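Encoded as structure tokens, here's the structure I'll be asking about.
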Amino acid sequence: MTRPHFRELFHRHPDNPILTAIDWPYPANSVFNPGATLLQNGETLLLARVEDRRGISHLTAARSSDGVTNWRIDSQPTLMPDPEKYPEEIWGIEDPRITWVEELGRYAITYTSYSTSGPLVSLALTSDFAAFERAGSVMPPEDKDAALFPKRFNGFWGLLHRPSANYPSNKANIWLSFSDDLKHWGDHCVTLEARRGAWWDANKIGLSPPPIETPEGWLIIYHGVRSTPSGALYRLGLALLDLDSPCRALWRGDEWVFGPTQPYEQIGDVGGVVFPCGAVHDPAAGTLRIYYGAADSSIAVATANLADLLDWLKSAKEHRVS
């Protein structure tokens with residue numbers, strides 16, 4: 001057996017994919033791109049994107065005591081689009097990110113609403129994943145890949161998100177915006193910029209799971225999209241943001257660290273895609289589990305050591321962001 005000539009940071013679970021449409025208690029075309037969180041009872045909750053046979057997506061919760069097996073899936077959709085009250089959800093809701101906010105005593109769910117004008121960012125709050133308080137849209141089209149920080153900065157909430165613009169640069173960068181009420185956002189800044197040229201993360205990047213707080217900074221796992229003759233290729237990279245001023249990126253890896261290599265990641269509704277929206281951090285074990293959509297067709301999990309990720313980021317001087 002040959003060994004790779006690079007350092008593998010993320011290790012796939014041998015039973016991947018852990019959830020598919022076959023596991024679902026009601027008809028679905030595909031399940032993928034789940035948000036993830038650790039509940040107060042120690043269970044892992046996934047809020048999966050479920051696409052029906054029309055092509056419209058909704059969100060459904062699945063719970064597991066070990067985060068890998070014996071999933072208990074809600075028998076009906078957990079959060080459905082509500083286009084009568086929220087017309088921006090007319091073509092579905094997608095790709096949730098979950099943040100536990102201690103100050104609010106609730107989970108904040110940022111998700112993509114698919115409107116007639118394009119994707120935009122919506123927000124909902126819940127304490128039990130049964131009842132939801134919708135805030136509606138918080139960012140206009142085209143915008144997605146959003147997650148809330150779990151704490152305020154100088155009295156203001158921070159939201160990472162990815163607006164897209166076709167003029168003049170045709171680049172999609174990761175932005176940070178601030179709010180004192182979780183509804184109206186301003187003081188926008190670019191916190192991570194897509195590179196140019198032949199880079200794996202040229203022209204289009206986006207946040208994957210919500211930022212993870214470490215003593216050295218906010219670790220972000222982000223996806224880069226490379227356009228190829230056979231379609232887009234989605235892979236993951238790492239960066240570290242300043243703890244107190246997250247508009248400032250401290251470190252950024254030059255190389256991608258996780259990409260589609262397995263058959264279930266390369267073949268599906270959209271092949272060549274690994275797309276995590278959720279991560280669960282176990283501080284006692286020092287491990288991080290990322291839950292990702294594989295080829296827009298199933299849910300898989302990979303595990304990493306958090307200290308290894310930070311060490312890798314700082315392993316070369318050129319990784320530091322000036």
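Only one of these is touching a Gly at 6+ places or on another chain (Cβ under 7 Å) and within 17 Å of Pro209 (Cβ to Cβ): Gly278, Gly293. Name it.
Result: Gly278 is the single residue among Gly278, Gly293 that is touching a Gly at 6+ places or on another chain (Cβ under 7 Å) and within 17 Å of Pro209 (Cβ to Cβ).
Oh, and also: Given the condition in a strand (DSSP E or B), of a type in the set (S, T, N, Q) and at pLDDT 95 or above, answer yes or no: does some residue in region 219-242 qualify?
no
Only one residue in Pro276, Pro246 is of a type outside the set (Gly, Ala, Ser), within 18 Å of the chain's Cα centre (by Cα), surrounded by 14 or more Cβ atoms within 10 Å (Cβ to Cβ) and in a loop (DSSP other than H, G, I, E, B). Which one?
Every option except Pro246 fails the conditions.
Kindly indicate whether any position in region 2-17 is at pLDDT below 95 and among the β-branched types (Val, Ile, Thr).
Within region 2-17, one or more residues are at pLDDT below 95 and among the β-branched types (Val, Ile, Thr).
Residues checked against (1) under 18 Å from Asp82 (Cβ atoms); (2) touching a Gly at 6+ places or on another chain (Cβ under 6 Å); (3) not basic (Lys, Arg):
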site: Pro96; (1), (2), (3): yes, yes, yes
site: Thr99; (1), (2), (3): no, no, yes
site: Leu104; (1), (2), (3): no, no, yes
site: Ser113; (1), (2), (3): yes, no, yes
site: Ala131; (1), (2), (3): yes, no, yes
site: Leu148; (1), (2), (3): no, no, yes
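Looking at (1) under 24 Å from Glu88 (Cα atoms); (2) out of contact with any His (no Cβ under 9 Å at 6 or more places or on another chain), which one does Asp23 not meet, given that it meets all the others?
Status for Asp23: all satisfied but (1).
Still on this structure: Answer with yes or no whether Gly35 is farther than 23 Å from Phe132 by Cα and touching a residue at least 60 places away in the same chain (Cβ under 8 Å).
The answer is no for Gly35.
Listed residues Ser57, Ser65, Ser75; which is more than 21 Å from the chain's Cα centre (by Cα) and either surrounded by 12 or more Cβ atoms within 10 Å (Cβ to Cβ) or at pLDDT below 95 (or both)?
None of the others qualify; the one that does is Ser65.
If you scan region 192-208, which residues turn out to be more than 18 Å from the chain's Cα centre (by Cα), of a type outside the set (D, E, K, R) and in a strand (DSSP E or B)?
Ala202, the sole residue that qualifies.
The values are calculated or read from the model by the stated rules, or taken from the named source; none is laboratory data. Nothing here was measured: the structure is a model prediction, and the numbers come from that model. Cβ sites come from the backbone with ideal geometry, for glycine too, and all protein chains shown count toward neighbours.
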